[in-house]
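Each remark here refers to the structure printed beneath this line.
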Amino acid sequence: MDNQASKEELRLALNAPNIITAVRVVMAGIIVWLLWQGEFLAAGILILIAAATDGLDGLLARRLGQSSLGGAIFDLVADEVLFMPSLILAIIAGLFSRADGLMPFNPYPYAVLALAGGVAVLAGIGTYLWKRRTRTLEFPTPTGVARVNFWFWLAPLVVAVFGIGPDWVLAVLMYLAIISTVLTFYSYLKKGSYVFTD
């Protein structure tokens, strides 16, 4: 594959899957504003709608034959744009405080690992795009555990924002997110560390 073909693959086509991803990015901005305003119910509903579209864009891309590297990268970035600011604002609002007695240093074991995972994804994408300017480099597709990790991150956030369920459910979801994040780090390092090292 030559460098020109490599650049063309990264173009973002105006198609249904990418429009859905773009809508998710816009929704992320609205969610942040709602969380900032203390409108937790509306923010939670939009988080659920935005999360549901996460699978829809990929499904449509495959069904319509519109899968592309640019779309896959856009989707990963949109996930982080949705999740990371929402988590930070939910922590600031004290929405995780009901799990204080159930997790040491609550909510930081969950939050720090989840945010570090998000930063690692964005750093990996940035490094990949930087290196790809000068040579052909295969984009590491997400591993099986990485594909579901976003949902492990999202579940405690949704429960915290809605304030639903007993406190122990929130704590259990946070612990599961920690385990999933550690497994995802390991799987990505095993499969895609060449992005940082080659």
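Taken together, the values in this text are just the output of simple stated rules run on the coordinates, not laboratory data. Keep in mind the model is a prediction, meaning the values are calculated, not measured. Neighbour counts are summed over all protein chains in view; Cβ atoms, including those assigned to glycine, are modelled from backbone coordinates with ideal geometry.
Over the alpha-carbon set of the stretch 26-107, divide Rg by the Kirkwood Rh and report the Rg/Rh ratio to two decimals.
Details: Rg = 15.5 Å, Rh = 14.2 Å.
Using only Cα positions, Rg/Rh for the stretch 26-107 is 1.09.
Applying the Kirkwood pairwise sum to the alpha-carbon positions of the chain produces a hydrodynamic radius of 17.7 angstrom. Largest GNM mean-square fluctuation across Val159, Val32, Val148, computed for the chain with C-alpha springs under 10 Å, falls on Val148. Here the Karplus curve 6.51 cos²θ - 1.76 cosθ + 1.60, taken at θ = phi - 60°, turns the phi angles of the stretch 174-186 into couplings of 5, 5, 4, 5, 4, 4, 4, 5, 4, 4, 5, 4, 4 Hz, with x standing for Gly and Pro. Each principal axis of the Cα cloud of the stretch 78-123 was taken in turn, and the coordinate range along them, longest first, works out to 33, 18, 12 Å.
Shown for Ile178, Ile49: other C-beta atoms within 10 Å of each C-beta, ranked fewest to most, produce the order Ile49, Ile178.
The fraction of all Cα pairs in the stretch 63-179 landing in successive 5 Å bins from 0 to the largest distance is 2, 10, 20, 21, 15, 11, 9, 6, 4, 1, 0, given as whole percents.
Listed from fewest to most Cβ neighbours within 10 Å, the set Met174, Met27 follows the order Met27, Met174.
Rounded to the nearest 0.05, the FRET efficiency derived from the C-beta distance between Leu14 and Phe162 at R0 = 22 Å is 0.05. Here the stretch 3-197 is treated with +1 on each Lys and Arg Cβ and -1 on each Asp and Glu Cβ, and its dipole about the Cα centre works out to around 700 debye. Residues considered: Leu95, Leu14, Leu113. Largest GNM mean-square fluctuation over the chain, using C-alpha springs under 10 Å, is found at Leu14. Over the chain, DSSP H runs of length four or greater, each weighted -39,500 (n - 2.57), average out per residue to a 222 nm ellipticity of -26000 deg cm²/dmol.
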